[in-house]
Structures are given as structure tokens and as C-alpha cells.
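Engineer: Take this structure, written in C-alpha cells, and hold onto it; I'll ask about it next.
The values are calculated or read from the model by the stated rules, or taken from the named source; none is laboratory data. The model shown is predicted, which means the values in this text are computed figures rather than measured ones. Glycine also receives a Cβ, built like all others from the backbone with ideal geometry; neighbour counts cover every protein chain displayed. Surface areas here come from the heavy atoms of the whole protein model, side chains and all, with no ligands, DNA or RNA. Shrake-Rupley method; radii C 1.70, N 1.55, O 1.52, S 1.80 Å.
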Amino acid sequence: MTDTPTHAPQGSDAKLGPIARFIRDTELDTRMLGMVGALLLIWSAFHFYPIIAGLFSGNGLNMGAGLFITPRNLWNLSVQTSMTGIMATGMVLVIITRNIDLSVGSIVGVTGMVMGIVQVNILPPMLGLGSPVIWIITAIIGIILGAMIGALHGWLIAYRAIPSFIVTLGGMLVWRGAAFLTADGKTIAPMDTTFALLGGGPTGSVGAVGSWIVGLLGCIAVLWIMQAGRKSRTKHGFPQRPMWAETVLAILGCGVLIGAVLVVNAYTWPKGIVDAYVKANPDVVVPEGGLQISTGFAIPVLILIVVGILMTILMTRTRFGRYVFAIGGNPEAAALSGINTKWMTLKIFALMGLLSGLAAVVASARLNAATNALGTLDELYVIASAVVGGTSLAGGVGTIYGAIIGALVMQSLQTGMVLIGYGDGSYRMIAVGVALVLAVYLDNLYRQKTK
């Protein structure tokens with residue numbers, strides 16, 4: 001499932017360099033290190049591009065030109081990545097089992113339109129305008145509808161032996177048309193005020209205190225996982241990592257979490273929103289230098305984190321996850337070993353539809369409207385995120401965290417192109433296409449080297 005290095009004999013240490021020994025002792029996934037390195041390289045290139053371009057153009061070295069690695073842009077980048085990342089975690093399962101799903105963007109569109117009609121036209125007359133349960137019912141309906149559409153696709157693929165490419169290609173067309181017909185192409189807006197918070201924004205975030213709570217809970221989880229891992233290794237007689245390696249991993253994990261908290265808290269509410277907040281709350285004391293309110297983690301980012309954790313547990317700690325990798329490794333052998341591959345395929349596509357419905361909740365809430373164009377071309381970015389994140393199109397290999405990093409890479413490319421002045425869609429499509437082909441090429445080289 002993942003590349004876990006094994007400890008080499010002590011006599012071979014002399015043949016290994018310090019970096020190789022570090023990777024061996026910490027058991028870090030080399031694919032993950034490569035993806036993180038590529039991500040940091042992309043961030044640095046986009047941040048320093050205006051500075052270098054200004055130097056070569058004769059305008060001089062402008063050290064203030066870098067706009068990418070800033071709290072504001074990184075916060076927006078995390079929110080923009082959330083929807084793609086949520087769906088990419090499900091696409092990993094689909095691709096691991098040697099299938100594909102081209103319909104996820106259209107599922108987002110049709111479920112978004114249905115949710116818009118439900119919360120704007122149906123529920124308010126029944127429950128009253130502003131009812132506190134409107135957003136809950138709406139989200140549940142959207143998620144269930146997405147799961148039902150995915151289950152239909154899975155049934156056609158598994159029990160009617162129609163290739164997944166054809167089924168989901170047809171689904172992409174059918175559900176995109178259904179999204180248009182749902183409201184005759186009209187835009188449904190605005191959304192319920194509480195529902196809109198699920199899309200992020202300054203008010204759709206947990207603030208400084210909430211972010212520190214999330215960060216501290218994350219650090220506690222990292223330490224607990226490290227301790228539980230050592231106990232499990234001792235119980236099953238597996239070799240332990242050196243204590244220095246455990247310490248480095250704990251510091252690294254907590255450092256990333258604390259760094260993320262510092263970044264999101266460094267992004268404060270815009271002045272106009274602060275002024276409106278002070279006007280609506282006259283008892284708030286405004287300091288002499290002005291009121292600074294930290295935004296903190298956006299709700300869509302927290303949703304992505306929760307989805308990533310649950311999907312990782314599903315893939316690495318349950319029978320379901322083992323069956324997924326077994327089917328991807330050898331479908332015929334998996335069926336002969338007693339795995340109900342047809343039922344598993346149906347459940348995998350139902351889960352993919354469920355995550356698409358959840359992504360539709362985030363997307364329509366962030367837009368504060370439901371449009372029939374919602375989710376257009378998202379299927380390409382979701383597939384690209386999974387592949388860039390290390391999921392092999394040959395099946396049997398993939399990780400959840402890799403897909404999330406892949407989604408962050410794809411969104412970084414798009415955002416960076418806009419910031420350096422190439423915001424036209426054609427340039428961004430070229431960048432994404434090159435990144436996708438390069439990722440598959442590197443994956444092939446990696447597979448050949450490991451063999």
C-alpha cells in the first residue's frame with residue numbers, strides 16, 4: 001500500500017549516505033517527500049518570479065513583489081483546495097481498483113442545484129425562514145443524493161459489466177444536463193446564512209482560539225499515534241524506529257501543525273468586514289491601532305482534514321481498505337479469494353458520490369449560490385490530483401494524504417499563474433496538463449526503479 005523501508009543490516013550503514021540513513025530510520029515515504037519538495041519548489045518559483053522578472057526587465061529588484069507565500073494567499077489556497085481535495089480522497093479508491101470516474105464534477109453540479117432549490121424554495125415555507133435546521137437538512141439531502149448517484153454508477157459497472165469510463169462519461173453528460181433542467185438554467189441565491197458558513201470566508205472560520213485548539217489537538221494526536229505505533233510494534237515483534245527518529249517525526253509533525261496555525265491566524269479580517277462587525281456589535285472595544293481579528297482555519301479546510309483522517313483510517317485500518325488494495329493488485333485473485341468484488345465496486349462508487357455531494361455542499365456554500373455550471377471540469381482536476389499525488393493508473397497503489405497534497409499542487413499551479421499575470425484559463429490548462437503528464441512519467445520511472 002505504501003513504500004515502507006525496512007532496516008538494513010548494520011554492516012551496510014557505511015554504504016548509505018546520511019540522507020539515505022535518515023529516510024531509512026524515520027521510514028518516511030519517499031513519494032511523499034518528493035511531492036512535498038515539488039510543492040515547495042512551486043511555491044518558491046511563483047513567489048520569487050515577480051522579483052526575478054523585475055530584475056531582468058530593468059525595473060530593479062523589488063523585494064516586496066512576492067505575493068504567493070503570504071498568509072492571505074496561503075489561507076485562500078487552503079480554502080480553494082478543499083473541494084478538490086475532498087473528492088480526490090475518493091478518487092484514490094476508484095483508481096486503485098483500476099476504474100475511473102468522470103462524473104464527479106457533474107454530480108457536484110446537480111446536487112448543488114438540488115440543495116439550492118431545497119433550501120431556498122422548499123424548506124423555508126415549511127420550517128420558516130431562517131430555521132436552524134434548514135442547513136442540516138439541505139446538506140444531508142445533497143450528500144445522500146450524491147451517494148445514490150454514485151451507487152447507480154457502481155451498480156452499472158459491477159453488475160452490468162459496463163466499463164467505468166463509459167458509465168461515468170455518460171453520467172457526466174446526463175447529470176450536467178439534469179443540473180441545467182433542475183432550475184431551467186437559473187441561478188439559485190442567496191443560500192441560508194448558516195449554510196453559507198460551510199464555504200469559509202472570515203465568518204466561516206474558527207478564529208484564533210479555535211485554530212490553536214485544533215493545532216494542540218493535532219499535536220496530541222501525533223504523539224498518541226507515535227506511542228501507539230511503538231506499542232503495536234512491540235506487541236507484534238516488529239523492529240522499532242530509533243528514539244531519535246521518533247523524536248524528529250514528532251517535532252516535525254507538531255511543527256507543521258503549529259506553523260499552519262500561525263499562518264492562518266496571521267491572516268486577519270479585511271477592514272470593511274471589521275467595520276461592519278463593530279457596527280453590528282457596538283459593545284466591542286476598538287483599540288487605538290484598530291481592531292485586528294484573526295481568521296483562523298476555514299471550515300472547509302477542517303472538513304477536508306476530517307475527511308482525510310477518516311479516509312486514511314478506512315484505507316489503512318479496516319477490512320474494506322485491504323479489499324480495495326487487493327482488488328487493485330489483482331482483481332481475479334481477489335475474487336477467487338472470496339472478496340465480493342462487485343459489491344465492493346458498488347460501495348466504492350457510492351462513497352465517491354457521497355464525497356462529491358459533500359464537495360457540492362462546500363462549493364455552493366462558498367459561492368453562496370447554486371448554478372448549473374458548478375463543478376465544471378472538476379473531474380479532470382480531481383483525477384489529476386490523485387495521479388499527481390502518487391496514485392498509479394495501473395491500480396493497487398495510492399494514498400489519501402498523497403491525493404490531498406496533489407490537490408494542493410494543482411491548486412497552487414492555478415493560483416500561481418494568476419498571481420504572476422497569466423490568469424487566462426488557457427495558460428492554466430497548459431500548466432495543469434504538463435503537470436499531469438510529468439507526474440505519470442515520474443511515476444513510471446519510480447515503479448521501474450523499485451522493481
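Engineer: For Gly218, indicate whether it is of a type outside the set (S, T, N, Q), out of contact with any Asp or Glu (no Cβ under 7 Å at 6 or more places or on another chain), under 30 Å from Leu123 (Cβ atoms) and not assigned by TED's automatic domain parsing to the domain that holds Leu129.
Structural biologist: Considered against the rule, which asks whether it is of a type outside the set (S, T, N, Q), out of contact with any Asp or Glu (no Cβ under 7 Å at 6 or more places or on another chain), under 30 Å from Leu123 (Cβ atoms) and not assigned by TED's automatic domain parsing to the domain that holds Leu129, Gly218 comes out as no.
Engineer: For Val306, all conditions in the list (1) modelled with pLDDT of 95 or more; (2) surrounded by 12 or more Cβ atoms within 10 Å (Cβ to Cβ) hold save one; what is the number of the exception?
Structural biologist: The single condition Val306 does not satisfy is (2).
Engineer: Can Trp75 be described as closer than 23 Å to Ala403 by Cβ, open to solvent by 40 Å² or more (accessible area, probe 1.4 Å) and either at pLDDT 75 or above or in the same structural domain as Thr312 (by TED's automatic domain parsing) (or both)?
Structural biologist: No.
Engineer: Given the conditions (1) modelled with pLDDT under 90; (2) assigned to a helix (DSSP H, G or I); (3) not charged (D, E, K, R), report the number of the one that Gly185 does not fulfil.
Structural biologist: (2)
Engineer: I need the full set of residues from region 121-149 which are open to solvent by less than 50 Å² (accessible area, probe 1.4 Å), assigned to a helix (DSSP H, G or I) and out of contact with any Asp or Glu (no Cβ under 6 Å at 6 or more places or on another chain), in order please.
Structural biologist: Once the filter is applied, which keeps residues that are open to solvent by less than 50 Å² (accessible area, probe 1.4 Å), assigned to a helix (DSSP H, G or I) and out of contact with any Asp or Glu (no Cβ under 6 Å at 6 or more places or on another chain), region 121-149 yields Leu123, Pro124, Thr138, Ala139, Gly142, Ile143, Leu145, Gly146, Ala147, Ile149.
Engineer: While we're on this one: Looking for whichever is at pLDDT below 90 and of a type in the set (Gly, Ala, Ser) here; the options are Gly421, Gly375. Which one fits?
Structural biologist: The conditions single out Gly421.
Yes/no per residue for (1) among the β-branched types (Val, Ile, Thr); (2) outside the structural domain of Arg160 (by TED's automatic domain parsing); (3) in contact with a helix residue (DSSP H, G or I) (Cβ under 9 Å, 6 or more places away or on another chain); (4) in contact (Cβ under 8 Å) with a residue 40 or more places away in the chain:
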{"site": "Leu304", "(1), (2), (3), (4)": "no, no, yes, yes"}
{"site": "Arg319", "(1), (2), (3), (4)": "no, no, no, no"}
{"site": "Val324", "(1), (2), (3), (4)": "yes, no, yes, yes"}
{"site": "Pro331", "(1), (2), (3), (4)": "no, no, yes, yes"}
{"site": "Ala335", "(1), (2), (3), (4)": "no, no, yes, no"}
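Engineer: Give the residues of region 362-386 that are in contact with a Ser or Thr (Cβ under 8 Å, 6 or more places away or on another chain), of a type in the set (Gly, Ala, Ser) and crowded, with 22+ Cβ neighbours inside 10 Å, sorted by residue number.
Structural biologist: Scanning region 362-386 gives Ala370, Gly375, Ser385.
Engineer: Is it the case that some residue within region 395-414 is touching an Asp or Glu at 6+ places or on another chain (Cβ under 8 Å), open to solvent by 10 Å² or more (accessible area, probe 1.4 Å) and on the phi < 0 side of the Ramachandran plot?
Structural biologist: Within region 395-414, one or more residues are touching an Asp or Glu at 6+ places or on another chain (Cβ under 8 Å), open to solvent by 10 Å² or more (accessible area, probe 1.4 Å) and on the phi < 0 side of the Ramachandran plot.
Engineer: Return yes or no: is Gly85 in contact (Cβ under 8 Å) with a residue 24 or more places away in the chain and either in a helix (DSSP H, G or I) or in the same structural domain as Leu367 (by TED's automatic domain parsing) (or both)?
Structural biologist: Criteria met by Gly85.
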